[in-house]
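The block underneath contains the structure these notes are about, expressed in structure tokens.
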Amino acid sequence: MVRELAAYERAEHEARMTEQQLTDALTGPDAALFGHVAVDAAGEVVGFALWFRTFSTWRGTHGIHLEDLYVRPGQRGGGHGRELLRTLAEVCAERGYARLEWSVLDWNAPSIGFYRSVGAQPVDGWTVFRLTDDALTGFAADRRATG
């Protein structure tokens, strides 16, 4: 399903994770990733949510960053995504976490509509920045004085 999500987000070329990496991230000795699955009436897994803890210096508590929420196309509209998201909201409420947040691609109108329908609001005034691949390793290795 991770590959299906990557295809949906038009980013198949970026999906490099192996099944072993996912298993290690969820269950290994340094596991910092958590997950939930949605199951249909026949017992088939039809969706998933992967998340990790964050911290808010403003609120002084942890929160959840939803890394990915995915429901297979044929199962959308059946409440699986809503229940996955509700489960994460319950985790926040039970643990006293202040935030449940995620990113969504600007062009993904169906997901944006869904998120708005549950009361989520976009965070204006913030832009996501990311270092990856050569930029990440190059910056990590660069110890030159900056001035």
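A short reminder: the numbers here are calculations on the coordinates, not readings from a lab. What you are looking at is a predicted structure, and each value in this text was computed from that prediction instead of being measured. Reconstructed Cβ throughout: ideal geometry from the backbone, glycine too, with neighbour counts over all protein chains shown.
Among 125, 47, 60, the residue with the largest mean-square fluctuation in a Gaussian network model of the chain, with springs joining Cα atoms closer than 10 Å, is 125. Under 5 Å between amide hydrogens, built in the peptide plane, is the criterion, and for residue 67 it picks out 50, 51, 52 among residues at least 5 positions away or on other chains. Per-residue Cβ neighbour counts within 10 Å put 82, 72, 59 in the sequence 59, 82, 72, beginning with the fewest. Coupling constants for region 12-24 follow from the phi torsions by the Karplus curve (6.51 cos²θ - 1.76 cosθ + 1.60, θ = phi - 60°), and in residue order they are 4, 5, 8, 7, 10, 4, 9, 4, 5, 4, 5, 4, 4 Hz; glycine and proline get x.
From helices alone, the chain scores -10000 deg cm²/dmol at 222 nm; the rule is -39500 (n - 2.57) for each run of n ≥ 4 DSSP H residues, then divide by the residue total. Once backbone amide H atoms are built at 1.01 Å from N, residue 61 has 56 as its partners under 5 Å, excluding neighbours fewer than 5 places away on the same chain. A value for mean projected area of the Cα convex hull in nm² was derived from the coordinates, and within the list (1) 12.2; (2) 8.2; (3) 10.5 it appears as (1). Among 86, 130, 16, whose mean-square fluctuation peaks in a Gaussian network model of the chain (Cα, cutoff 10 Å)? Largest GNM mean-square fluctuation: 130. Between the helical axis of 80-95 and the longest alpha-carbon principal axis of the chain there is an angle of about 60 degrees. Considering only 32, 42, 11, the mean-square fluctuation computed in a Gaussian network model of the chain, springs between alpha carbons under 10 angstrom, is largest for 42.
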